[in-house]
Structures are given as structure tokens and as C-alpha cells.
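Notes for the one structure printed next.
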């Protein structure tokens, strides 16, 4: 496998300066690195030691001062000889350095190629490889924690423990079949069923973590719902501290959903303003806007019903509450800067918490956002672990079904020999999660999500 050259350039927040990094990996990485980087002590003579030198182009001309370091196989990210050269952040310098590496025999990396090589060389499993791109794409501390723990192998350890339990149960079944003409003895059968029950429980917890972990990664949905002119758009702008939604005194200004992202208590939240809900006859545009509102509500993790606190409570407000069907809900009594006219129904008839807020002067917004954040469902498994990938969810769901089938064959039908086949199906699914015997097409699909340089 030839050395691979790639370019990773990062800039400072002001856009001035910054650094660029060229990475080479493969059997010829150090040899090519010495041709494009010159230092007093040749690159690679001292591994894991930063050398100060000069980057050179394809014809040997100096183009920049640079730092470089080498890692010898297998003690590198990819498990191969690896070189990294750090230059100033000039795109021209980086392009010249990559061209020089290619001229000396390197090939340009494909998206995710370094992580793919790390997987193929056994440095990481497929769960960890996928977690790399999840970590890159994370937009909040919460999703960062989930992706980081997976990248460090903690999710892999949980899946490996499931595999160990299933293998042990399968071995007990096969021993019983090999050394007796009778079914598994009662004691061994009990041990086998208990072990399978533990494996099934572990799988169930991971599968149940998928929805909340995925939502956490993609962004929890908090929907602002209310009647026209209740101040939803103004409230959204106040929560975001920016003018994101159009505000006007005329009712019905918002005809479509308006979405923006915000971080609440370390969680990535998609805050969604919606078209006002009214019961009287409306035009086709407003009807479509309200239809989109209800679609957003159906997918919401939390709904904030925005009420105009300067107006009395009426049946239309009550109608909004009646249509939420168990979605976590909060009431925001807006316009607290005006004289309060709204009196909520007697305690018990409205089960969600109410907060007096003012989108105009900011009163009560911190309490409202804190309460909304508290309604969001975090992954329940330890250390913030959870399944972020549909692939993992589907494979583990299938593995759980295979265990259920095996348990039924052992305990209900007395057919341990058939249970063994079901457990082998389970092991195949669990192994696929970890990347064992995975198809090349699956790898292509996974690593296509990566950017070049990872």
C-alpha cells in the first residue's frame, strides 16, 4: 500500500495566520517525508520527536519553515509508518507540499482514508471509526461526550461484553450436545438462560438509548406553539439573542416554521418558531402553515405554548393543550411587561409548569430555557453512552431477536440444537457492529461521510 498524502488546513478565528498539516501514512511515509522536509537530523531518526526544518517543493526549493515528526509502525494512528509536517497556513505552501509528496510516489488520500487504515490495521474497531466522524460533526457538549466515549472504545466494550456472554451460552449448549444424548441438564440450562437474559438486557438498554442519543446528536427539537400574535417570534429572537424570525404587530406574520440552533445547558437545541394556530376560517397559505406547525409538534422533544398574558385565557388556549398527547410541555405567559389579564384554569386542569416571561425585556427567559432543557431526554446508559447510528440500532435489534428466539427454543420447545443456530445469528449481528467480516461496500458507505484528512 503506497504512502498517502493529504492536506489539513486550519485557520485562526480572525482568518490571519493559522497552521497547515500534511500527513503521510504507509511503508514509504518516512522516505517520502525526508524528500519534502529537510532538517539537521533526518526525519525519522528520532521517532515521536519534533524536528525543526524546511518544507521543500517537488524540485527541492525551500518553500517554508516547518515542524515535522514521525511515528513508526505499529505505534501510530493508522498502525503504519506516519509522518506529519506542520507549516504556516498558506494554502499555496500546503498545495506545493502535497504536490511534492505525490511527485515522490504518494497518492492523495480518499475521504476517511487514515481512519479506514486504522480500522483495517486493527488499531480501532468499526464503532470507534464511526465515532470519529460523529465527534467531528458534534454540535454540543452532550453529543461530544457520547461520540468521544464511543471513539475511546467504551461503547465497543459494552458490545464486546454482550458477545462474550452469547459465546459462553453457546459453548454450554454445544458441550451439552456433544457429551450427552439428553437435553441440557437443569442446572446448565438455568445458567444458560440467565446468561442470555443478561445479554438481552444489555442489548435492550443500548437499543433504547438510540432515539435519545440520536436526537441529542442531531439537536433536540423545542417548538414554540401558540395563537397568532402571542409573541412567539419575538420570544424566539429573545431566546437566541438575535433577530432570526420576522416580527410584526399584524397577526399571522409567520407562515412557515423558522428554525435556529442554540446551546442550552450543553445541549444542542433546534428552536422552532411556528405559524400561529387559529380556529376561525383561514386562507390556504395559513392552513398549510398550521399543518406544518402540527408536523413540527409531532416530532418535538418539548413544546412551549406561548400565551399572551395580557389577554384572558379562553377555549382556544385550552384546545392547544388538549392536542399535545403527552409531549413534554411548558407554558410561557408572555408579555409580563404589560398588565396581566390571564388567569390559568384551576390547579390540576393544567398539568404543565407555567412561566411568566417577557420577550421584550428578557424577564423569566433563563428560567424558561432551564426548564425546557430539563425536559430533554438524555441517553440512559452509563457515561453518556448511546447508539448514534441506525446501523448499530438495526443490527443490535436483530441480535436481540435472535436471543429471544434461542431462549424460546431452549425453555419452551426443548430444542437446544436449534437454539445454537439462533445464537450464531446473534453473534454475526454483534460482530457486524464491531466491523468483523464487514462488506467492502459497507465500509465505502461509512467512510464516505468523512472529510479528507481523517
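Here segment 45-94 and segment 136-155 have alpha carbon centers that stand 29 Å from each other.
As a proxy for reagent exposure, ranking 407, 133, 59 by other Cβ atoms within 10 Å from fewest up yields 59, 407, 133. Here residue 441 and residue 171 are evaluated by their C-beta separation; at R0 = 22 Å the FRET efficiency comes out at 0.10. Residues 295, 391, arranged from fewest to most other Cβ atoms within 10 angstrom of their Cβ, appear as 295, 391. Using C-alpha pairs below 8 Å separated by at least 6 residues, the relative contact order for segment 361-454 is 21 percent.
Across the alpha-carbon atoms of the chain, the computed radius of gyration and Dmax are 29.3, 86 angstrom.
So what is the relative contact order for the chain, in percent, with contacts set as C-alpha pairs under 8 Å and at least six apart? For the chain, the relative contact order is 16 percent.
By the beta-carbon count within 10 Å of each Cβ, the least crowded to most crowded order of 93, 430, 303, 164, fewest first, is 164, 93, 430, 303.
Were the residues from residue 47 through residue 449 laid out at 0.36 nm apart, the gain over their Cα-Cα distance would be 141.6 nm.
Read the figures in this text as sums done on the coordinates, not as results from a lab. As the structure is a computational prediction, the values presented were derived from the model and not from experiment. Don't worry about glycine lacking a Cβ; one is built from the backbone with ideal geometry, like all the others, and counts go over all protein chains shown.
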